1. By the gyration tensor of its Cα atoms, with a ≥ b ≥ c the square roots of the eigenvalues, what is the shape of the range 2-119: rounded for a/c under 1.5, prolate for a/b over b/c, or oblate?
2. What's the angle, to the nearest 10 degrees (0 to 90), between helix 12-23's Cα axis and the longest principal axis of the chain?
3. So between residue 31 and residue 85, what do we pick up on full extension, going 0.36 nm a residue minus the alpha carbon distance?
4. Is it possible to state the helix-based mean residue ellipticity at 222 nm for the chain, with each DSSP H run of 4+ residues giving -39500 (n - 2.57), the sum divided by total residues, to the nearest 500 deg cm²/dmol? What is it?
5. Give me the one-decimal nm value for the distance between modelled label points at residue 23 and residue 73, 7 Å along each residue's Cα-to-Cβ direction.
6. Just to be sure I understand: of the beta bridges DSSP finds with both ends in the chain, what percent are antiparallel, rounded to 5?
7. With everything on Cα atoms, drop me the angle between helix 40-49 and the longest principal axis of the chain, reported from 0 to 90° to the nearest 10.
8. Give me the one-decimal nm value for the distance between modelled label points at residue 104 and residue 2, 7 Å along each residue's Cα-to-Cβ direction.
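Since every read-out is calculated from the coordinates, none of them should be taken as a lab result. This is a predicted model, so every value here is computed, not measured. Ideal geometry is used to build each Cβ from the backbone, glycine not excepted, and the neighbour counts take in all protein chains shown.
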């Protein structure tokens, strides 16, 4: 099983998530997606797993609130990809991608109970 956490290194929620994984000895890699921009195909895959581009976005973020109104309603997949390439911090974080038995398990956000369920530990 491979677990990768995507987020921002200075994000408090990402820090909590990685500390939780360390505490429960869940091996993982952390990738800062501001420093390591994800390919458009990866962003599309995440949006598909999140059940749409809107669900992938943190609309309560300062970055989202400061966007011009015309940027908040991308009309196409290409526009969404361009927006997230330009503003990767808009992605709701952390993004957790696990490869388990040839299957990809995707989740976003962090909560203690959510991670316990996701990783089957600390019950």
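1. It is prolate, given that a/c is not under 1.5 and a/b is the larger ratio.
2. Tilt of helix 12-23: around 20 degrees.
3. Length difference between fully extended and current span is 17.9 nm.
4. -11000 deg cm²/dmol
5. 4.3
6. Around 75 percent of the beta bridges assigned by DSSP in the chain are antiparallel ones.
7. Helix 40-49 sits roughly 70 degrees off the main axis of the chain.
8. Here the modelled spin labels are 1.2 nm apart.
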